[in-house]
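Scroll down for the structure; my scribbles are underneath it.
Please treat every number below as a calculation from the coordinates, not as lab data. Note that the structure is a prediction, hence the values are computed from the model and not measured. Heads up, the Cβs are rebuilt from the backbone with ideal geometry, glycines too, and the neighbour counts pull from every protein chain shown.
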Amino acid sequence: MSDVLLKVEKVSKKMGKRTLLSDISFELEKGKIYGFIGPNGAGKTTMMRIMTGLMHSTSGSVRIASYDVQADREKALSKVGAIIESPVFFDYMTGKQVLRNLSRLHPNIKSSDREKHIEELLERVGLDLRGDDRVKTYSLGMKQRLGIAQSMLGNPELLLLDEPSNGLDPMGMRELRDIILRLRNSENYAFFISSHLLDELQQMCDELIVIKEGTLVWKGPADQLIEEGQRLEDAFMELMGL
Ligand SMILES: Nc1ncnc2c1ncn2[C@@H]1O[C@H](COP(=O)(O)OP(=O)(O)OP(=O)(O)O)[C@@H](O)[C@H]1O
Ligand SMILES: [Mg+2]
């Protein structure tokens with residue numbers, strides 16, 4: 001069986017006269033961590049919105065399993081979780097209540113399994129002791145981890161995270177990184193992560209996909225782009241011609 005979870009084929013996006021994305025193709029495979037990088041305005045969030053069906057492409061396709069995201073959004077996305085904009089919670093609710101409410105909307109979760117699933121998710125993101133506290137008492141890092149738990153509802157195989165480390169302190173970043181690596185290593189999760197924090201990304205990525213002004217400039221195994229002992233930041237600057 002193929003390990004390809006998601007396939008982006010010749011995706012372009014135009015808005016009026018502007019081309020936001022131009023003929024982008026790549027594949028995401030099981031159990032790998034992909035770093036998605038590019039300067040501000042390169043089109044990363046736009047690409048992730050298209051990958052999750054929040055926005056339609058002008059041409060090209062995104063397929064997950066055998067489903068087209070545009071034509072068959074619900075089926076296509078049943079194995080994909082995402083945090084595209086920072087997760088927004090009703091912060092008077094507890095972490096558990098947030099997950100409980102969202103889980104009701106989820107086609108993959110039987111009501112008899114709901115409480116157990118929620119407990120497991122809270123444990124996987126290190127919030128098991130705080131699940132009954134209101135979200136407004138959470139730190140930013142804890143909210144971010146609740147966002148990860150939310151995106152894991154229904155046990156997806158792939159998580160798309162748009163700048164998940166934004167605003168986190170070094171400790172928060174390390175906690176997030178440990179969670180991501182653990183999920184990849186022990187449960188074969190795949191991740192597609194956009195970030196400007198290149199040192200952070202370098203510590204977890206297997207593969208890199210680099211875009212600039214809406215076009216793909218590089219894709220492949222991270223260690224093919226980054227020379228031994230080199231920082232991703234320097235390899236990235238070279239790619240950008242800086
Ligand atoms: N709804 C929209 N209408 C018009 N232009 C848009 C829209 N959304 C994004 N853009 C434009 O598309 C380009 C790519 O934006 P996008 O947010 O995808 O970039 P990004 O790579 O995520 O940048 P950043 O690193 O700053 O998050 C930008 O020039 C932006 O102004
Ligand atoms: Mg963005």
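The table that follows gives values for the structure above.
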{"read-out": "Whole-Hz couplings from phi, Karplus 6.51/-1.76/1.60, listed for the range 220-226; x for Gly and Pro", "value": "x, x, 3, 6, 7, 8, 9"}
{"read-out": "Cα-centre dipole for the chain with unit charges at Cβ (Lys and Arg positive, Asp and Glu negative), debye to 20", "value": "1060 debye"}
{"read-out": "Neighbour-count order for L160, L140, L122, fewest beta carbons within 10 angstrom listed first", "value": "L140, L122, L160"}
{"read-out": "Longest segment of the chain lacking trypsin sites (Lys or Arg not before Pro) that sit in a DSSP loop with at most 13 other Cβ atoms within 10 Å", "value": "111-230"}
{"read-out": "Placed amide H near A82: partners under 5 Å, 5+ positions off or other chain", "value": "L160"}
{"read-out": "Proximal charge balance of E175 [Cβ under 11 Å; K/R count +1, D/E count -1]", "value": "+2"}
{"read-out": "Whole-Hz couplings from phi, Karplus 6.51/-1.76/1.60, listed for the range 89-100; x for Gly and Pro", "value": "10, 7, 7, 7, 8, 7, x, 5, 4, 4, 5, 4"}
{"read-out": "Other-chain or far-sequence residues with amide H under 5 Å of G31's (modelled H)", "value": "A190"}
{"read-out": "Loop-resident sites, the range 1-106, for GluC sites (Glu not before Pro), counting at most 14 other Cβ within 10 Å (DSSP)", "value": "E85"}
{"read-out": "Cα-centre dipole for the range 15-88 with unit charges at Cβ (Lys and Arg positive, Asp and Glu negative), debye to 20", "value": "100 debye"}
{"read-out": "Residue-by-residue Karplus 3J(HN,Hα) for the range 168-184, coefficients 6.51, -1.76, 1.60, Hz, glycine and proline x", "value": "7, 7, x, 5, x, 5, 5, 4, 5, 4, 4, 5, 4, 5, 5, 5, 5"}
{"read-out": "Residues D132 and Y92, FRET efficiency given R0 of 22 Å [Cβ-Cβ distance, rounded to 0.05]", "value": "0.95"}
